[in-house]
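Written out below as structure tokens is the structure these notes cover.
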Amino acid sequence: MDEEEIEKAVVAYLKKKGFKQTELAFQEEQQHSNNNNSANSQIDPDITKKILSFSQFETGPERYQEEYSKLRSWAYSSLDLYKHELLRVLYPVFIHCFMELVARGHIQEARAFFNSYREDHEMTHLRDLQKLEGVLSPSHLEEMEFAHSIRLSKVNIKMCQYSYDLLLQYLHKTESITMLGIINERINFQVSPGQPGSISDDAEVVTLVASGHDASLINQKEVHWGLLEDSLEERLEKAGGSVPDSEKLDGDPKEGEVEENKKSVEGGKQGASLKKLKKDKVGVATGKSSRTEGSTVATAPRVKPELALPAIPSEVEHSILEDLRNRVQLSNAALPSVSFYTFVNTHNGLNCASISHDGSLVAGGFSDSSLKVWDMAKLGQQTGPSFLQGETDSPTNEHVLGSSGGRRCYTLFQGHSGPVYSASFSPYGDFLLSSSSDSTIRLWSTKLNANLVCYKGHNYPVWDVQFSPVGHYFASSSHDRTARIWSIDRIQPLRIMAGHLSDVDCVQWHANCNYIATGSSDKTVRLWDVQSGECVRIFIGHRSMILSLAMSPDGRYMASGDEDGTVMMWDLSSGRCITPLVGHSSCVWSLAFSGEGSLLASGSADCTVKLWDVTTSTKAPLKDENKSGSNNRLRSLKTLPTKATPVYALRFSRRNLLFAAGAFSKSA
């Protein structure tokens, strides 16, 4: 009788798992043994008991609740030394228990289980739990992207050897077969010898990765983070660096404190006023220290380009070198001057803003599929308070691209058929890229005021597009979970970077153009080799979607900002987070490093621009971070609040003037 039951249990298991060939082979073998009337061999009673109990466990929804409850109690009652490592197992086991119950159709039991234990995980995984609340039927597991990606993926968990042995002993001793199955199928353990890791590492140790991809293996690949050989900065250093103070331009910032100077820009609906830029008072300290301290850019290693680089026109080269010679050296004692462009009367229609490298052009992408560009020089020529006529007051202005006399203050670019989500100026300001929900990217000429090319390749909305530091090439990121590399002279992408488990929300080029970084809704940042298209780094630690990225000028560090307001500084060579910069209370939409790399600016939906001390952040020992939050306060140099303007875009000019832009919001 036992043998028949075992046979049924084995066949049922093989059917459930979809092992059709194994099931047929098993049934043939059983028939063969029955036909030959071979003597039935005795089966070990312990094995019989385990197989039958396993088949019962497979069917009962109460087993999930019972076994998880016991595992949870055991983990919480473990020795303090190992407890934090063992508790890491609970969250992935919890969500997979819930999804297994839903998949089997036990909806009521799944909801009861979810509500019983969700409080344990709300502190660190609230956003994930809010998404999973919507899973109410087996079909939702396939339809909901987040749930589907979790079920296709494995979780990496780091723990020491002793914690791992304790866990296995517990599972076998208590015969927690359901928990053992989930842990075996859904978790990759990265076991290390020695003592348990510190509690502060918890953000990094539980991570969702595509099955078969090991972040630690990827992060062992070599990354050449230096700058390009024979760059303009290198030529300037060889030529002897700065010009005398007397030759500096009158408009250069000169000393002491930071002021937030605001220009107002009409946001597509009605007029706005233009405030004069106030001159900052300057001391002589900045100019003199500009080359004596030695910038990180000068000491960075040199690498060869993997892309064919475009030639720089001689007049553009001279202009850039002039800007670099007149660059003001910034530090924690010499903060930048700030020019803030405020869009008004946008009626929540502004999706993105972009500022050219010299701050002379400002672009805005709107929900009505339009792209508008303001020329700051033309605005500045108008005398008196200039109330700029927009489309509400003067609809006749709309039909001509920028040549409608002096009446309209912006150039209108029309061509997209959906909201514009991103815009990016070329390094020399002659081209502008825009991306849209219509899944296309468009290249515009700021000289001709015309659309030149429409790039089609993505299948879904394109969230971000960025010109490379040398122009000619650009990168895009999309809802289709890919990033793509393009050149302006080809309509098809040169490379497709696939690997993220969710939307790729932002993209950023490395200073040497050999790599791009992508930030995703899967809470990871990846670094990709442009030549091979391979992922060479996975940066793990954020607890919400990544919205902004910035690369340091020497190419060694990267900053990333997320939806919760956390900014993280990463070392590209090791793939580790050097320090989190906590201070913003809402989404960090923009990040920018100063020209010499000593400061980082972050712009947020909390209506502030924050300036951070990069030098202190990168040199701070990791051990000190656990003692108190004082280090973080030291790293934050200045908070610049706006009245009610969430910060959409930041840009340090080549002369180290900080430009910022955002849309005035009454509700902010």
Scope the stretch 414-425; condition open to solvent by less than 10 Å² (accessible area, probe 1.4 Å) and more than 15 Å from N351 (Cα to Cα); matching residues = F425
remark   = Filter the stretch 137-158 for residues that are farther than 20 Å from T524 by Cβ and not in a loop (DSSP other than H, G, I, E, B); the one that is least open to solvent (accessible area, probe 1.4 Å) is L141
Given (1) assigned to a loop (DSSP other than H, G, I, E, B); (2) within 26 Å of P305 (Cβ to Cβ); (3) open to solvent by 10 Å² or more (accessible area, probe 1.4 Å), number of the condition G555 does not satisfy = (3)
message = Every residue in the stretch 339-372 that is among the β-branched types (V, I, T) and in a strand (DSSP E or B), please.
response = T342, V344, I355, V362
ask   = Which members of the stretch 483-507 meet the condition of being more than 24 Å from L309 (Cα to Cα), of a type outside the set (A, V, I, L, M) and either open to solvent by less than 20 Å² (accessible area, probe 1.4 Å) or part of a loop (DSSP other than H, G, I, E, B) (or both)?
value = G499, H500, S502, D503
task = Could you tell me whether the stretch 88-96 includes any residue that is open to solvent by 30 Å² or more (accessible area, probe 1.4 Å) and either modelled with pLDDT of 90 or more or not small (G, A, S) (or both)?
result = no
task = For residues that are aliphatic (A, V, I, L, M) and in contact with a Ser or Thr (Cβ under 9 Å, 6 or more places away or on another chain), scanning just the stretch 97-125, find the one that is most open to solvent (accessible area, probe 1.4 Å).
result = I107
query = If you go through the stretch 522-535, how many residues are crowded, with 23+ Cβ neighbours inside 10 Å and of a type in the set (S, T, Y)?
reply = 1
ask   = Given the residues S602, S548, which is the only one that is surrounded by 24 or more Cβ atoms within 10 Å (Cβ to Cβ), in contact (Cβ under 8 Å) with a residue 24 or more places away in the chain and within 25 Å of D529 (Cβ to Cβ)?
value = S548
task = Select from the stretch 70-104 the residues that are polar (S, T, N, Q) and touching a residue at least 12 places away in the same chain (Cβ under 8 Å) and list them in ascending order.
result = S78
key: Verdict on S153 being touching a residue at least 60 places away in the same chain (Cβ under 8 Å), small (G, A, S) and farther than 18 Å from W74 by Cα   = yes
request  = Only residues that are charged (D, E, K, R) and under 11 Å from S590 (Cα atoms): list them for the stretch 527-562, please.
outcome  = D562
inquiry  = I'd like the full set of residues that are among the aliphatic types (A, V, I, L, M) and closer than 12 Å to V614 by Cα, limited to the stretch 570-599.
reply    = I578, L581, A592, L599
Hits in the stretch 342-369 - residues which are among the aromatic types (F, W, Y) and within 25 Å of the chain's Cα centre (by Cα) = F366
message = Criterion first (open to solvent by less than 30 Å² (accessible area, probe 1.4 Å) and at pLDDT below 65) does G226 satisfy it?
response = no
inquiry  = Can you go through T645, T579, T615, T639 and tell me which one is within 18 Å of N332 (Cα to Cα), of a type outside the set (A, V, I, L, M, F, W, C) and at pLDDT 90 or above?
reply    = T639
request  = Spot the failing condition for Y460; the list is (1) aromatic (F, W, Y); (2) buried (at least 18 other Cβ atoms within 10 Å of the Cβ); (3) in contact with a Ser or Thr (Cβ under 6 Å, 6 or more places away or on another chain), and only one is missed.
outcome  = (2)
message = Among the residues of the stretch 373-390, are any at positive phi, surrounded by 15 or more Cβ atoms within 10 Å (Cβ to Cβ) and either at pLDDT below 95 or not in a strand (DSSP E or B) (or both)?
response = no
query = Which one of the conditions (1) in a strand (DSSP E or B); (2) open to solvent by 20 Å² or more (accessible area, probe 1.4 Å) does L448 fail to meet, given that it meets all the rest?
reply = (1)
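The values are calculated or read from the model by the stated rules, or taken from the named source; none is laboratory data. A quick note: this is a predicted structure, and the numbers were derived from the prediction, not measured. Neighbour counts run over all protein chains shown; Cβ positions are idealised from the backbone, glycine included. Heads up: the accessible areas ignore ligands, DNA and RNA and are worked out on the full protein's heavy atoms, side chains in. Shrake-Rupley method; radii C 1.70, N 1.55, O 1.52, S 1.80 Å.
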